[in-house]
Structures are given as C-alpha cells and as structure tokens.
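The block underneath contains the structure these notes are about, expressed in structure tokens.
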Amino acid sequence: MRLLTQAVLLALLGAAPSQAADLGDLGWLLGCWRSEDGSAQEAWVEETDGSLVGFAVVVDGGRVAFYEILTIAIGADGELVYTAHPEGASRTEFVLTKLGARDVLFSNPDHDYPQEIGYRLDGDTLVATISLLDGERPRSFPKQRCD
C-alpha cells in the first residue's frame, strides 16, 4: 500500500497543467464518492490552477484490484480534456462533448474501450458511465458521497 501511495503522489505532482483554466461548473464532482458496498471509491479535488485531479480505486478482498489517476483540465487547443491514467498504463485523453449543470461527457473515438466517459449527479448519487461512442456496451458505476 505504501508503494501505491508513493506512485499516486508522484503522478499527481505531474498531473496538473501549468496554465490557469476555466473549467465551467464542475464543483458538483468534487469530493469523495463511494459505491454502496464500499469496494470502490473516487475522490476529486481542485488544484490551484482550476484543474481537477481525481483518484479512483477498487478494493477486492482487502487488496487493490484496480486504480487510476484522473485529471480534467484545459488542453493545448483550449478544449476541456479528461485524462485517465489507469494502473500505471499509458494516459488516454477524452475531449469534452457535453457539459451541463450536473452532467459532463468526454469522448475519444480512437480509443478501444471506453470511447465515452460521462458523469452525472442524480440527486445525491454520482453516476459514472463508460461506453462505446454509439452508446453500446454501457457500464455504470453509481456512488454516494463519503462520510
């Protein structure tokens, strides 16, 4: 677990972009979120430059089964970009395709799966959904705020 913590800290230190960013109203995403059974958690914080940094982890049998480091920031072309860095693998970028008051959707048609990553706040539940670009093979991950 100590090695995981060190890896997360190193990745977070290099994750924030250097320019100030206007990310719209994504404040509803900030904080700690946990699945009903407690096996999955996701936490989002805002960096001083306005970018968002997230960390997601799934625990199975007391061991980390999956983790990823996430960022939402302004990309080089001025677009909003969601970057996923799962389990130390290569980073994959998804570009904003929809931003609402309580939902956001990012797409990357060149990625194998997922090609879309979305979040929506449904009452007190944060629902993350991944799918192919045409909406096929959807998987949803509902989470409640952590205490």
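The values are calculated or read from the model by the stated rules, or taken from the named source; none is laboratory data. Just so it is clear, the model here is predicted, and its values are computed rather than measured. Because the Cβ atoms are built from the backbone with ideal geometry, glycine has one as well, and the counts that use them run over all protein chains shown. Heavy atoms of the whole protein, side chains included, go into the accessibility calculation; ligands, DNA and RNA do not. Shrake-Rupley method; radii C 1.70, N 1.55, O 1.52, S 1.80 Å.
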Residues meeting the amide H criterion for G75 (H placed from the backbone, H to H distance under 5 Å, 5 or more places apart or on another chain) are L80, V81
With DSSP loop assignment and no more than 14 other C-beta atoms within 10 Å, the trypsin sites (Lys or Arg not before Pro) in segment 56-101 are R91
Expressed in angstrom and ordered largest first, the alpha-carbon extents of segment 60-142 along the principal axes are 41, 33, 24
Sparse-neighbourhood loop hits (GluC sites (Glu not before Pro), segment 34-133; DSSP loop; Cβ within 10 Å at most 10 others) -> E36
Ranking D60, D77 from most to least accessible area with a 1.4 Å probe gives D77, D60
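Just to confirm a number: summing +1 for Lys and Arg and -1 for Asp and Glu over residues other than G123 whose beta-carbon lies under 15 angstrom from that of G123, what do you get?
0
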Answer in debye to the nearest 20: the dipole magnitude of segment 24-147 about its Cα centre, from +1 Lys/Arg and -1 Asp/Glu charges placed on Cβ, is 260
Farthest towards the positive end of the dipole of segment 108-147, among S131, P142, Q115 and with Cβ unit charges of +1 on Lys and Arg and -1 on Asp and Glu, lies the Cα of P142
Each label sits 7 Å from Cα toward the beta-carbon; between A101 and V127 the label points are separated, in nm, by 1.8
